[in-house]
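K.L.:
Before we start, here is the structure in question, set down as structure tokens.
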Amino acid sequence: MQNKQAASYARWAAIAAAAIALVVVGVYSRRAIRESAARRSGPHSVPSTVQQQSDQMTFSKVEGDRTIFTVRASHATEYKDQNSYVLEDVWVTIYGRDGNRNDNIHTRECGYQPKTGAVRCQGDVQIDIAGANPRAGDSDKTIQVTTRDLTFNRETGDASTPEPVAFRFPQGQGHAVGVTYSTQNSLIVLQHDVHLDLSASDRSNGLPVNVTGGSLEVRRDERKMVLSAPADVRQGSRELTADKITIDLDPDFRAQHVAAAGNPVVRSTEGGKVSGNQFEAFLNPQGWIESIVADGIVLGALESASGADHLSSGRVEIAMAPQNVIRMLTTSGGTVLDSVQDGQSRSLKTASLRVLFAPGKPTGASKQAPQPRAQSAETLAPATIEMKSGNELTALRAKKFVTEFDAMGHLAKLLGHSGAEIKRTISSGAPQVSTANELVATFGASGDWETLDETGNVHFQQSDRQATAERAKMVSKTGDLTLDGSPVLFDSTSRTTARSVSINQKSGEIQATGGVASTYFSSEGNATVNLGSGPAHISAATLTASNASGHAIYSGHGRIWQGESVLDANQIEVWRDEKKLLASGNVMAIFPQASGQLPALPGSAPKLPSSSSARPQSAKAPESPPATAAARNIWQIRAPVLTYWSDSGKAHLEGGVTASSQQGSLKSPVLDVFLAPGPTPSSSDPDARHEASGKPLAAAAGPRRLDRALANGGVVVQQGDRRGTAEQAEYTASDGKFVLSGGKPTITDASSDTTTGHSLTFFVANDTILIDSEKASRTLTRHRVE
């Protein structure tokens, strides 16, 4: 029993010994592993060149009571022969001269030269640049810069590297080559090949912004950023280039003013371009652009397949609305706008201009803000607008223009205030110039003007032709100019008034309605109407005339009066160049007779030759009629149609003519009346006109009067109780006689006594009859026997 127990104890002892041995081995093994790990992770053996090692090293630059920056390292190793340090886990915190910064530079290892104060970090370096007035939790406002091979100088406080630099900031990211960071003047310089990508936001109209430049300076103390040439900013289809772009920051380091100088140019892939000496943008604290200013010889151009627009001005100011949408544009310093679209051109010249914009309509599913549209525009100084289409040129001038645009931003209406002028030239024709107090022009979808309305003291002129009215309307398509409000048309030869006048500027046609009254001036070179002395006056209900042909038609109770001559008709036509009149419809003409003999006394009996003179004979009138005083005799003639030639003074009436005067009357199918000018004033006449030198002027001819009348075709002449018939009758005013001829001339008196002959001549003043018989013809006188 004891042996068995002893054996059992021996086995347990062996097992226990083995277990203890394993535990011992495990403990020693773990200790060995730990020691090996400790050796690996612990400090290296100090080489012979190492002066000393320390777990922490700190040094600062202090000016007065202000700490400018502090350098901290979690481990530092000093070398004997090199008088240098190797700093590990390095942090450089920059507080700035005003203590308002908390920027940090962090890297794993740096070399430090105490004599020169130079710290060089050849590995990766991270720089955290805090925003203005940094506070805890403002990491979202920090700019993070990563680079390598950074040098920091303890004495100057400058950090720099020539290596590539990458940075990230709340609005985007970027990269450059080389950076310099000065703690003395708070200056950060990205040295080369600067590129910034700004994220899309509502402040940028939903579009990203890309910025490139030769270098970028961030001047913290001045709160200024400067991007140097070649500076380039792109947003969507727009690009800004300049030699220098400067950004002024507010106290919270938010952009408040941007200036582009040195040949700044804005381009658009849509064909737009704007250049000037300097561009400026002013931003509010929320980041919206409040206004943009372009200064110094501002030039703009917008080109497309249909044409091009050009702008030049001394200064352009643009006021913006939220989301950077243009609200108002103002120009000054002399402005010229030129536009050529589809072969049609427009040009505006003024000292100053203001344009107001309205929000545009959204297009499709685009998230971008709708493009603004022009709502109205006005010139702030006198202006000139020129429009050319084909062979037509129209120039508008006014002290002030105001334009209105439709919902699509197209020009719809133009208003000219305080004195407007329209000058229109078609082909090589004479310019048509009109002026008025106010002007309203409307435009069609194509951009051409459609109508021009003028009001107040309207005056129109083309060559020597002029017109005045209170209102005028011009229609481009038809070329019609309508004048209302006491319109007056006049030139060197005539003057016309009416209730309304319409002039076609293309054809020269004139339409006048309502109380038409014309006056044709009397002059040596103007014989359009020459019925009497002095100016000729014409009235009618309507007038249709042509400046080109010189043909005028007066319709509706037409009347002409000139001196003592009067002509009434339903319609009167005047031919300027032919110097001819044509009156038709119920024509009545009144002509004064040239000086002649007094009419016969009532009851005087005609002196007929004796019946014994039955053989052919030729009786002669008395050598001279009895001496009588000159008489004023008026002829009144009626006919359906009258044609008058002013040069010759001949009036031709036809269609059944009746004529009457104090010396008798006649009826005939056709009558020709000849008007002759009266005697000219004698040089001895005290009323004759003289020049300043005393020499008499060339006297004008006297007033035209009826000198002779010739009737044809079944003529009947009536003088008192005497009645004459013949195929032809001629009346001569100078001796007051009728000559009947043709057919069977016959005179019958109140007693039914008749006289016939080849021709019969009787003198109205003395009741004398002259009978003329041809050879082999007979003269017959019949007397009634009671």
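K.L.:
What number of residues within the stretch 260-291 satisfy the criterion of being under 14 Å from L311 (Cβ atoms), surrounded by 16 or more Cβ atoms within 10 Å (Cβ to Cβ) and at pLDDT below 85?
P.N.:
The qualifying residues number 1.
K.L.:
Next up: So in the stretch 534-548, with the set limited to residues that are touching a Gly at 6+ places or on another chain (Cβ under 8 Å) and either of a type in the set (G, A, S) or in a strand (DSSP E or B) (or both), which one is farthest from L706 (Cα to Cα)? If you could, list the steps in order and put the result at the bottom.
P.N.:
Taking the stretch 534-548 first, the residues touching a Gly at 6+ places or on another chain (Cβ under 8 Å) are 534, 538-542, 546-548.
Subset that is either of a type in the set (G, A, S) or in a strand (DSSP E or B) (or both): 534, 538-542, 546, 548.
On the way: G534: 16, I538: 20, S539: 23, A540: 25, A541: 29, T542: 30, S546: 31, A548: 33 Å.
Per the criteria, the residue is A548.
K.L.:
Here is a follow-up. What is the residue count in the stretch 224-255 for residues that are over 25 Å from P164 (Cβ atoms), in a strand (DSSP E or B), open to solvent by 30 Å² or more (accessible area, probe 1.4 Å) and modelled with pLDDT under 85?
P.N.:
3
K.L.:
Looking only at residues in the stretch 142-169 that are outside any strand (DSSP E or B) and open to solvent by 70 Å² or more (accessible area, probe 1.4 Å), which one is nearest to Q113 (Cα to Cα)?
P.N.:
Residues of the stretch 142-169 outside any strand (DSSP E or B): 142, 154-157.
Checking which are open to solvent by 70 Å² or more (accessible area, probe 1.4 Å) leaves us with 154-155.
Details: R154: 9, E155: 11 Å.
The extreme case among them is R154.
K.L.:
Does the stretch 496-530 hold any residues that are at pLDDT below 90, open to solvent by less than 20 Å² (accessible area, probe 1.4 Å) and closer than 27 Å to S428 by Cα, and which are they?
P.N.:
The answer is I503, Q505, G508, N526.
K.L.:
For the stretch 70-91: of the residues being aromatic (F, W, Y) and within 20 Å of D149 (Cα to Cα), which is nearest to the chain's Cα centre (by Cα)?
P.N.:
Among them, the one singled out is W91.
For every residue, the table says whether it meets (1) in a strand (DSSP E or B); (2) modelled with pLDDT under 90; (3) surrounded by 16 or more Cβ atoms within 10 Å (Cβ to Cβ).
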{"residue": "V177", "(1), (2), (3)": "yes, no, yes"}
{"residue": "D193", "(1), (2), (3)": "yes, no, no"}
{"residue": "A200", "(1), (2), (3)": "no, yes, yes"}
{"residue": "G206", "(1), (2), (3)": "no, yes, no"}
{"residue": "V218", "(1), (2), (3)": "yes, yes, yes"}
{"residue": "E222", "(1), (2), (3)": "no, yes, no"}
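K.L.:
In addition: So, of the residues in the stretch 458-486 that are assigned to a loop (DSSP other than H, G, I, E, B) and surrounded by 16 or more Cβ atoms within 10 Å (Cβ to Cβ), which turns out to be nearest to the chain's Cα centre (by Cα)?
P.N.:
So in the stretch 458-486, the residues assigned to a loop (DSSP other than H, G, I, E, B) come out as 463-464, 476-479, 485-486.
Filter again for surrounded by 16 or more Cβ atoms within 10 Å (Cβ to Cβ), leaving 476, 479.
On the way: S476: 15, G479: 18 Å.
Here the residue is S476.
K.L.:
When the stretch 495-509 is examined, which residues are found to be in a loop (DSSP other than H, G, I, E, B) and under 13 Å from S546 (Cβ atoms)? Talk me through it step by step, then tell me what you get.
P.N.:
First pass over the stretch 495-509, keeping only residues in a loop (DSSP other than H, G, I, E, B): 498-499, 505-508.
Selection gives Q505, K506, S507, G508.
K.L.:
Quick one: what pairs do we get from the stretch 384-397, first residue open to solvent by 30 Å² or more (accessible area, probe 1.4 Å) and among the aliphatic types (A, V, I, L, M), second at pLDDT below 90 and in a strand (DSSP E or B), C-beta under 6 Å, 6+ apart or different chains?
P.N.:
Pairs that qualify, where the first residue is open to solvent by 30 Å² or more (accessible area, probe 1.4 Å) and among the aliphatic types (A, V, I, L, M) and the partner is at pLDDT below 90 and in a strand (DSSP E or B), are L393/T425.
K.L.:
Moving on. Just to verify a result, which residue in the stretch 527-577, among those that are of a type in the set (D, E, K, R) and free of Cβ contacts under 8 Å to residues at least 40 places away in the same chain, is farthest from E509 (Cα to Cα)?
P.N.:
At the first step, the residues of the stretch 527-577 found to be of a type in the set (D, E, K, R) are 559, 564, 568, 573, 576-577.
Checking which are free of Cβ contacts under 8 Å to residues at least 40 places away in the same chain leaves us with 559, 568, 573, 577.
Values: R559: 22, D568: 24, E573: 15, D577: 16 Å.
By that ranking, first place goes to D568.
Every residue, every condition in (1) over 60 Å from the mean Cα position of the chain (by Cα); (2) at pLDDT 50 or above; (3) within 18 Å of G724 (Cβ to Cβ), yes or no:
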position: P592; (1), (2), (3): no, yes, no
position: S612; (1), (2), (3): yes, no, no
position: S624; (1), (2), (3): yes, no, no
position: A630; (1), (2), (3): yes, no, no
position: W635; (1), (2), (3): yes, yes, yes
position: L642; (1), (2), (3): no, yes, no
position: G649; (1), (2), (3): no, yes, no
position: S661; (1), (2), (3): yes, yes, yes
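K.L.:
What number goes with the only condition from (1) of a type in the set (S, T, Y); (2) modelled with pLDDT under 90; (3) surrounded by fewer than 19 Cβ atoms within 10 Å (Cβ to Cβ) that T756 does not pass?
P.N.:
(3)
K.L.:
Could I ask something else about it? Of the residues in the stretch 399-457, how many are in contact (Cβ under 8 Å) with a residue 60 or more places away in the chain and open to solvent by less than 30 Å² (accessible area, probe 1.4 Å)? Write out each step before concluding.
P.N.:
The initial filter retains those residues of the stretch 399-457 that are in contact (Cβ under 8 Å) with a residue 60 or more places away in the chain, namely 424, 426, 432, 446-449.
Filter once more, so that each one left must be open to solvent by less than 30 Å² (accessible area, probe 1.4 Å): 424, 432, 447, 449.
Count: 4.
K.L.:
Among the listed residues A701, A692, A688, which satisfies the condition of being within 18 Å of F591 (Cβ to Cβ), part of a loop (DSSP other than H, G, I, E, B), modelled with pLDDT under 65 and of a type outside the set (S, T, N, Q)? Walk me through how you get there before you give the answer.
P.N.:
Values: A692 fails: within 18 Å of F591 (Cβ to Cβ); A688 fails: within 18 Å of F591 (Cβ to Cβ).
Every option except A701 fails the conditions.
K.L.:
Moving on. Can you confirm whether R373 is over 15 Å from the mean Cα position of the chain (by Cα), basic (K, R) and at pLDDT below 85?
P.N.:
Values: over 15 Å from the mean Cα position of the chain (by Cα): yes; basic (K, R): yes; at pLDDT below 85: yes.
Yes: the conditions hold for R373.
The values are calculated or read from the model by the stated rules, or taken from the named source; none is laboratory data. The structure presented is a predicted model; accordingly, all values stated were derived computationally and were not measured. Note that each Cβ is placed from the backbone with ideal geometry, even for glycine, and that neighbours are counted across all protein chains shown. The area values use the complete protein model at the heavy-atom level, side chains included, leaving out ligands, DNA and RNA. Shrake-Rupley method; radii C 1.70, N 1.55, O 1.52, S 1.80 Å.
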